[in-house]
Every structure is written in structure tokens, then in C-alpha cells.
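Q: The following block contains the structure, expressed as C-alpha cells.
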Amino acid sequence: MGGVDVGGGDGKKAMNAEINMIPFIDLLLVIVAFLLITAVWVSFSRINANAQVPGPPDPNKEITPETPQKVLHLYIRESEFGLIWKQGSTTVSESTIDRPEQKGDEIMYPDLAVKLGEEWKQHGGHQDVSDRKLDQAILHSDNGLKFGEIVAVLDALYSTKREMALKDGKREKQPVFNMTFSVR
Amino acid sequence: MSGGGPSLKKHDPHAHAIRVAKPRLMRSVPLRFVYNRVAGHGGRDPNASLNLTAFIDFLLVTVIFLLMSFSSSGEIGVDKHIKLPKAQNVEDVIEAPMVAVNGNQVLVDGNPAGSTRDIEEVGRMQKVDKLFEMLKRKRETWRSFHPNKNFPGVCILQVDRDVPALVVKSVFQTAAFAGYPNVSFMVQKRAKVSAK
């Protein structure tokens with residue numbers, strides 16, 4: 001057990017004191033048990049989306065026509081994903097990738113994630129570190145598609161990340177796309 | 001002082017019984033191995049002392065780790081009828097109004113705010129009126145409590161993984177119209193798997 005040597009000897013009464021460690025160990029065990037019981041083991045997280053609702057125009061600012069940005073339209077079809085980059089009403093590029101059949105609860109589209117990364121490198125409009133804007137992706141899906149499938153596509157969409165300089169000067173990895181639903 | 005006479009030794013009647021204290025047990029057995037065992041030579045001490053220092057160190061590290069990861073706010077309330085989908089590329093949950101969507105109804109912080117079946121029956125995207133009113137009220141309450149701050153416009157949707165896209169889009173757009181354009185979907189975090 002723990003002891004404290006405070007001298008003594010030379011015929012005097014020994015001054016070594018023994019500390020009983022048993023209550024201390026008991027206390028530690030009780031704290032460990034309490035914290036283990038009250039711990040939250042299931043971790044929830046969130047995936048971002050943006051409804052792109054425009055705010056009211058500022059009457060003090062002069063409206064100047066801007067070149068429309070390139071937007072990725074991601075179509076979830078029966079057996080494939082359609083990836084179409086549009087600038088205004090002009091189609092810049094169009095490609096497709098197979099949509100593999102998914103069984104069970106674990107839905108993942110790793111090939112789509114890779115393809116989206118390649119597409120962004122080729123067409124993405126916000127690739128500079130100092131650029132804090134994200135490229136917009138619009139998701140088109142059938143009304144009967146299950147939400148689990150939508151999240152799997154969103155997961156693939158957010159897998160491509162880039163370094164972004166934040167306001168405080170720090171750099172952080174951020175997803176390159178911001179997603180919203182097609183209104184139709 | 002003694003006199004010149006012969007010294008008189010005091011006779012102790014118990015001298016044969018009281019002796020100097022020392023180990024005596026089984027000393028009379030005339031066998032060497034018995035003597036060795038009794039005297040403590042040759043054999044290991046049966047009492048082993050356990051070093052508790054490492055054990056206490058381990059307990060302290062465990063306590064510190066658990067205290068660091070302890071959250072007093074408790075578990076986030078998730079509707080027990082909702083099976084959340086899983087995703088890898090996620091962010092931490094933040095404090096925001098929770099809109100739960102299961103197979104039957106839409107709930108705002110546990111209070112009914114619409115019917116999922118009604119949206120499905122209509123068959124097209126629509127504004128969920130009760131949800132809109134409840135979210136709008138929440139936004140106005142927030143503004144009255146924080147008059148000098150910008151409204152963050154964040155709300156979190158807890159949607160069952162089997163709910164159709166039509167319901168998700170309707171709830172999503174209703175939240176946006178009610179002043180919550182930054183909508184997040186709550187998911188279960190999936191461990192990262194290494195790329196092939």
C-alpha cells in the first residue's frame with residue numbers, strides 16, 4: 001500500500017505513515033461505473049442542405065447582371081445517375097454513371113463519389129483556397145425514392161472536400177458541394 | 001550491598017515455564033527440512049503482495065477519459081419509430097429545432113405538426129400548413145429573445161429512411177418558407193471504410 005516516509009530512526013519512534021488505498025480505489029471504481037452507465041454511445045450527426053431561398057433585394061444596391069454560375073444537376077434514375085453541368089440554360093457537360101442495385105440497410109455509392117470528385121475538378125467554379133463559396137448541386141429524384149437512398153447520394157456528394165481559408169485565417173477541409181432539391 | 005555471608009539466590013519457582021520469547025514451534029522435530037520450513041529458510045513466502053500502482057493509474061486514466069467525453073446535456077431525443085439512415089461525411093449536431101418525420105406524422109420537438117399520409121395522398125409537393133405555423137412561431141420566439149442577433153435559420157430533420165422523397169421535399173420546402181433555409185438531415189455516423 002502507499003506509504004509516506006517522513007524520517008525517524010535513531011531510536012526515535014518511526015514516522016512512516018501507511019495510507020490505506022482501498023477507499024480511493026473503491027471511489028475510482030464507482031466513478032468509472034457511473035460514467036460508463038451514463039455515457040451516450042450512439043452518436044448522431046447531420047448532413048447539410050440549403051434550400052436556396054433568395055432574400056429580398058437590397059434597395060440601396062444597384063442590380064448588375066452577373067454571369068450565371070455553373071451548377072451540377074444530379075439526376076437519380078432507375079439504373080443510372082445523370083450528372084449535368086449547366087451554366088444558366090446552357091448545358092456545359094453531361095455524363096452518366098451506373099447506379100448499382102443496393103440491398104439491405106447499408107446503402108453506399110463509392111463509384112459515384114469518385115466520379116463526382118473528378119467532375120468537380122474539371123468543372124467546379126470554386127476551387128481556390130481563399131474562395132469561401134461552394135459549388136451548387138441540385139438533386140432531381142423520383143417522388144417515391146426512399147430517403148435512405150437520398151442520404152447515400154448526399155454522402156457521395158459530400159465526400160469530395162477541399163481546403164478552405166476561414167475568416168479567422170485557419171484552413172479547414174470543407175465539402176465542395178452544397179445541395180438543394182429540385183422544386184419540380 | 002551484600003554481606004560477608006553466602007549470597008542467597010532468589011529461587012524462581014516458574015523458571016522452568018517462563019522462557020525468553022523466540023520461535024519454538026516444531027523445533028523439537030529432529031528433521032532438517034522441518035526445521036528449515038519452520039525457521040523460514042529454503043521456502044517461498046506464501047503471502048504475495050500485489051502492486052496496485054498500475055491498477056490505480058489505469059483507473060485514473062479511464063476516469064479522466066470518461067469525464068472528458070461526458071455530456072451533461074444527455075442524449076438527443078430521437079423518435080423511437082424513426083430508423084435513421086447512415087452516412088460517413090457528416091458534421092456534428094448543433095442546437096436547433098427538431099422536425100421528426102416518420103411513416104405516419106410530422107412532429108416538431110415532439111408535437112404533431114402534420115400527417116405524412118396526407119402528403120403522400122395528394123401526390124405532389126405542398127406546404128405543410130401546421131408545420132409552417134409552428135416553425136414560424138418558433139422563429140418569432142427566438143427573435144424576441146435575441147433582438148440584436150441574426151437568426152441562424154437552421155433546423156434539423158429526423159427523417160425515417162423509408163419515407164418517400166415527396167414527403168422529404170415537402171417538409172424541406174415548408175421549413176425553408178418558414179424561415180429555416182439551412183436544413184440539416186440527422187443521420188447515424190458510419191465508420192469510415194478504407195478506399196479499395
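Q: Just need log10 I(q)/I(0) for the range A:70-181 at q = 0.11, 0.18, 0.19 Å⁻¹, Debye formula, equal scatterers on the alpha-carbon atoms, no solvent, rounded to two decimals.
A: So the normalised log intensities are -0.36, -0.90, -0.98.
Q: Just flag the trypsin sites (Lys or Arg not before Pro) in the range A:86-180 sitting in loop per DSSP whose Cβ has no more than 15 other Cβ atoms within 10 Å.
A: Listed in order of number, the matching sites are A:Lys103, A:Arg132, A:Lys133, A:Lys167, A:Lys170.
Q: Which value, in debye to the nearest 20, gives the size of the charge dipole of the range B:86-189 about its Cα centre, when Lys and Arg are +1 and Asp and Glu are -1 at the Cβ?
A: Computed about the Cα centre, the dipole is about 260 debye.
Q: Enumerate the aspartates and glutamates that B:Lys86 could reach by cross-link, defined here as Cα to Cα under 12 Å, with residues fewer than 8 away along the same chain left out.
A: A:Asp105, A:Glu106, A:Glu149, A:Asp155, B:Asp160
Q: So for A:Thr180, A:Thr38, fewest C-beta neighbours within 10 Å to most, what's the order?
A: The fewest-first ordering by Cβ neighbours comes to A:Thr38, A:Thr180.
Q: Follow-up question, since we're still on this one. Cβ under 12 Å from A:Glu172's Cβ, A:Glu172 left aside: what net charge do those residues give with Lys, Arg +1 and Asp, Glu -1?
A: Around A:Glu172, the charge tally is +4.
Q: If r is the Cβ-Cβ distance from A:Glu163 to B:Trp142 and R0 is 22 Å, what FRET efficiency results, to the nearest 0.05?
A: E(calc), rounded to 0.05, equals 0.05.
Q: In nm, to one decimal, how far is the A:Ile97 label point from the A:Leu145 one, both placed 7 Å along Cα→Cβ?
A: Result: 1.4 nm between the two label points.
Q: Using only the Cα atoms, work out Rg/Rh for the range B:86-189, with Rh taken as the Kirkwood radius, to two decimals.
A: Result for the range B:86-189 is an Rg/Rh of 0.97.
Q: In whole angstrom, note down how far apart the Cα centers of the range B:146-182 and the range A:116-184 are.
A: 18 Å
Just so you know, all these numbers are worked out from the coordinates, no wet-lab data involved. In this text the structure is predicted, and so the values were computed from the model without any measurement. Reconstructed Cβ throughout: ideal geometry from the backbone, glycine too, with neighbour counts over all protein chains shown.
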